[in-house]
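Visitor: Before I ask anything, let me first share the structure, which is written out below as structure tokens.
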Amino acid sequence: MPEKTILQDLKEQGVSRRDFLKLSGLLGIAMGLTKVPPAAASGLPAKLANSSSLTRTIAKALGSKPRLPVIWLEFQDCAGCTEAITRSVSPSLVNLVLNTLTIEYHETLSAAAGFQVEEAKKQAMQKYAGQYILVVEGSIPMGDDGVYCTVGGRTAVDLLKEAASGAAAIIATGNCAAFGGLPKANPNPTGAKGVWEIITDKPVVNIPGCPAIPEATTGTIAHFVIFGAFPELDALNRPMTFYGKTVHDRCQRRGFYEAGKFALSFDDEGAKKGWCLYKLGCKGPTTYNACATIKWDQGLSYPIQSGHPCLGCSEPNFWDGGGFYQGQSAPLVDHPIGTAVVSAALVGAAAGVGAAMANAAKKKSKGVQK
């Protein structure tokens with residue numbers, strides 16, 4: 001593993017001990033934690049597992065652990081999930097989490113190419129065997145012996161199995177990697193599948209979305225960095241922190257639904273007044289994701305807020321799920337309106353991280369960093 005601990009690396013970037021403790025607390029919020037998870041505590045030293053302070057537990061873990069090696073593979077995808085992470089506003093919670101990682105291989109972000117970068121991946125898999133996190137973006141075609149997606153003359157399924165064999169755990173980011181996504185839409189000409197349909201002997205966590213919300217991916221990685229285990233998952237292997245409630249539960253248009261006020265076209269008075277988009281085909285009531293609270297670009301907006309119905313992109317087979325923009329006919333399940341404390345706090349956490357990092361940089365520039 002890399003020689004420096006996460007704390008050492010952050011100190012070199014000008015983060016003080018006080019700011020480091022603040023950041024540790026914000027990471028706890030990002031992971032939706034109020035206490036050390038029992039499963040994770042069993043793998044921690046007794047002093048950490050029994051600590052009454054979650055912030056102190058996280059700080060001690062980060063102070064003793066090296067940065068986590070990551071190998072990131074892309075297959076049948078549009079690179080949207082990579083774009084979402086790299087285009088997040090800096091500084092942010094995403095940047096903080098990425099400071100705890102070493103990206104050993106990533107086709108889109110690598111400066112090198114060809115044989116050089118492939119050799120770097122091979123060396124990283126050997127050096128960090130059994131220790132690295134494998135992040136997969138894009139679906140895997142299984143039809144016709146996998147010929148529909150090849151890298152360097154090798155099929156996606158071959159490359160996936162090779163990298164998965166030495167991984168500590170696997171994160172499938174985006175709907176394509178999680179459930180097959182658009183490539184799997186009828187008639188699925190390439191025989192596309194999600195990662196967890198192929199890799200069954202390793203922990204696989206799904207972070208679906210088109211693209212996935214960056215904080216959902218990085219928050220899940222942060223949980224593994226700190227506790228050595230993934231958070232609680234739902235039946236589709238999605239982290240409950242981010243996928244535990246529907247978009248409808250926390251939608252700002254929910255009040256209009258309760259009042260029976262619906263937009264009937266995209267240019268009628270209801271649409272202009274921000275009424276509920278349910279009758280325009282909004283899939284929010286059946287879609288589990290944190291879009292309505294984390295949103296995008298540090299809480300700026302998300303589709304429904306911008307006037308577009310939810311398409312259900314964090315659910316399996318969303319592209320074939322009854323058509324877009326078609327009015328709903330099935331009655332809604334009665335969901336209580338979620339408080340969204342954790343997800344709303346993520347937006348504040350990102351802002352807090354930015355302030356803490358900026359404060360550290362300011363101190364360093366003035367020569368007062370201790």
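The values are calculated or read from the model by the stated rules, or taken from the named source; none is laboratory data. From a predicted model like this one, the values you see are computed outputs, not experimental measurements. Heads up, the Cβs are rebuilt from the backbone with ideal geometry, glycines too, and the neighbour counts pull from every protein chain shown.
Visitor: Only one of Ala59, Ala39, Ala129 is at pLDDT below 85, in the same structural domain as Thr173 (by TED's automatic domain parsing), surrounded by fewer than 18 Cβ atoms within 10 Å (Cβ to Cβ) and aliphatic (A, V, I, L, M); which? Write out each step before concluding.
Guide: Details: Ala59 fails: surrounded by fewer than 18 Cβ atoms within 10 Å (Cβ to Cβ); Ala129 fails: at pLDDT below 85.
That would be Ala39, the only listed residue that is at pLDDT below 85, in the same structural domain as Thr173 (by TED's automatic domain parsing), surrounded by fewer than 18 Cβ atoms within 10 Å (Cβ to Cβ) and aliphatic (A, V, I, L, M).
Visitor: Same structure again: Looking at segment 205-215, can you tell me whether even one residue there is assigned to a helix (DSSP H, G or I) and in contact (Cβ under 8 Å) with a residue 60 or more places away in the chain?
Guide: Here is the first cut: in segment 205-215, the residues assigned to a helix (DSSP H, G or I) are 214-215.
Remaining after also requiring in contact (Cβ under 8 Å) with a residue 60 or more places away in the chain: 214-215.
Yes, there is a match, as at least one residue in segment 205-215 is assigned to a helix (DSSP H, G or I) and in contact (Cβ under 8 Å) with a residue 60 or more places away in the chain.
Visitor: Looking only at segment 5-36, filter to residues that are at pLDDT 70 or above and assigned to a loop (DSSP other than H, G, I, E, B); which one of those is surrounded by the most Cβ atoms within 10 Å (Cβ to Cβ)?
Guide: Val15
Visitor: Further question on the same structure: Working carefully through the options Ile226, Ile199, find the one that is β-branched (Val, Ile, Thr) and either in contact with a Phe, Trp or Tyr (Cβ under 6 Å, 6 or more places away or on another chain) or part of a loop (DSSP other than H, G, I, E, B) (or both).
Guide: None of the other options fit; the residue is Ile199.
Every residue, every condition in (1) out of contact with any Gly (no Cβ under 8 Å at 6 or more places or on another chain); (2) surrounded by fewer than 23 Cβ atoms within 10 Å (Cβ to Cβ); (3) modelled with pLDDT of 95 or more; (4) within 30 Å of Thr5 (Cα to Cα), yes or no:
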position	(1), (2), (3), (4)
Pro211	no, no, no, no
Glu215	yes, no, no, yes
Ile221	yes, no, no, yes
Ala229	no, yes, no, yes
Ala235	yes, yes, yes, no
Cys251	no, no, yes, no
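Visitor: Checking the condition in contact with a Gly (Cβ under 7 Å, 6 or more places away or on another chain) and loosely packed, with under 15 Cβ neighbours inside 10 Å, which residue from Gly166, Gly143, Gly174 passes?
Guide: Exactly one residue qualifies, and that residue is Gly143.
Visitor: Looking for whichever is β-branched (Val, Ile, Thr) and either in contact (Cβ under 8 Å) with a residue 40 or more places away in the chain or on the phi > 0 side of the Ramachandran plot (or both) here; the options are Ile221, Ile170, Ile199. Which one fits?
Guide: Values: Ile170 fails: either in contact (Cβ under 8 Å) with a residue 40 or more places away in the chain or on the phi > 0 side of the Ramachandran plot (or both); Ile199 fails: either in contact (Cβ under 8 Å) with a residue 40 or more places away in the chain or on the phi > 0 side of the Ramachandran plot (or both).
Exactly one of Ile221, Ile170, Ile199 is β-branched (Val, Ile, Thr) and either in contact (Cβ under 8 Å) with a residue 40 or more places away in the chain or on the phi > 0 side of the Ramachandran plot (or both), namely Ile221.
Visitor: Moving on. So is Asp144 over 25 Å from Val117 (Cβ atoms), in the same structural domain as Ala59 (by TED's automatic domain parsing) and among the acidic types (Asp, Glu) or not?
Guide: The answer is yes for Asp144.
Visitor: Give the residues of segment 273-297 that are surrounded by fewer than 21 Cβ atoms within 10 Å (Cβ to Cβ) and polar (S, T, N, Q), sorted by residue number.
Guide: Listed by number, the list holds a single entry, Thr286.
Visitor: Moving on. Pairs please, first residue from segment 138-150 and free of Cβ contacts under 8 Å to residues at least 12 places away in the same chain, second anywhere and in a strand (DSSP E or B), Cβ atoms under 9 Å, 6+ apart in sequence or on different chains.
Guide: Short answer, once both residue conditions are applied: Asp145/Thr155; Val147/Pro141; Val147/Thr155.
Visitor: Kindly indicate which of Phe115, Phe179 is aromatic (Phe, Trp, Tyr) and within 23 Å of the chain's Cα centre (by Cα). Explain how you work it out, then say what you get.
Guide: Details: Phe115 fails: within 23 Å of the chain's Cα centre (by Cα).
After applying the criteria, what remains is Phe179.
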